[in-house]
Amino acid sequence: MSRQSTAAAPAAPSAAPLSAAPPRCHGTTRGRGFPCHVTSSHRPPAAAVMAARLVPVLKFVIKGGLAGGAVYVAYDQGLLGSGTQGAEAFRKAQAALPPAIQEWISYTGWELPPIPKLEFSPSDSWNKGVRMVMSALSVAPTRACEYTAEGWKYVKDLVK
């Protein structure tokens, strides 16, 4: 049996002429924005470059338009006004939504459970929330003193 050598044989020199290899550019761009070995025939078409730059701008404009439209509709309907204007807008929505939902249901053929009646006043809820916060803030110093006294008492009992 003959043993074959496991060492790698030296690579044979390439048969391709040296002029066929792409020129080395070492990362330089020669002021054109493209590596030096990229010729004008390899550049993307001008329309593709313009479209690639235009897509993010178009997305931003669409999103900004939608956000601006939502703010305009909210302001126009009185949602950004006083509490009474908000309550009036809520009543308008309660009156307009059931017929619209019924029309949509008849169009799609789906059945939904009946719409519950809501007795809700945004201004009353807002005022209740403000009263609760103010009540909590008014008793905060007293509660802090009570909790501090309880904490000291607990620490003293642990030390004994």
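The values are calculated or read from the model by the stated rules, or taken from the named source; none is laboratory data. Quick caveat, the model's predicted, so the values are computed rather than measured. In case anyone asks, the SASA skips ligands and DNA or RNA and just uses the protein heavy atoms, side chains included. Shrake-Rupley method; radii C 1.70, N 1.55, O 1.52, S 1.80 Å.
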Under 18 Å from LYS117, Cα to Cα: aspartates and glutamates that are on another chain or at least 8 residues apart: GLU88
For segment 70-83, 3J(HN,Hα) per residue [Karplus equation, 6.51 cos²θ - 1.76 cosθ + 1.60, θ = phi - 60°, Hz, x = Gly/Pro]: 5, 5, 4, 5, 4, 5, 5, 7, x, 6, 9, x, 6, x
Per residue accessible area of segment 63-110, 1.4 Å probe, in Å²: 77
Accessible-area composition of segment 64-160, carbon plus sulfur, in percent [1.4 Å probe]: 66
Cα-based reach from LYS160 at 16 Å (exclusive), listing aspartates and glutamates while leaving out same-chain residues under 8 positions away: GLU150
Karplus 3J(HN,Hα) series, Hz, for segment 57-64 with 6.51 cos²θ - 1.76 cosθ + 1.60 (x for Gly, Pro): 5, 5, 4, 5, 5, 5, 5, x
Linear extension gain, LYS63 paired with TYR154, 0.36 nm per residue minus alpha-carbon span: 27.1 nm
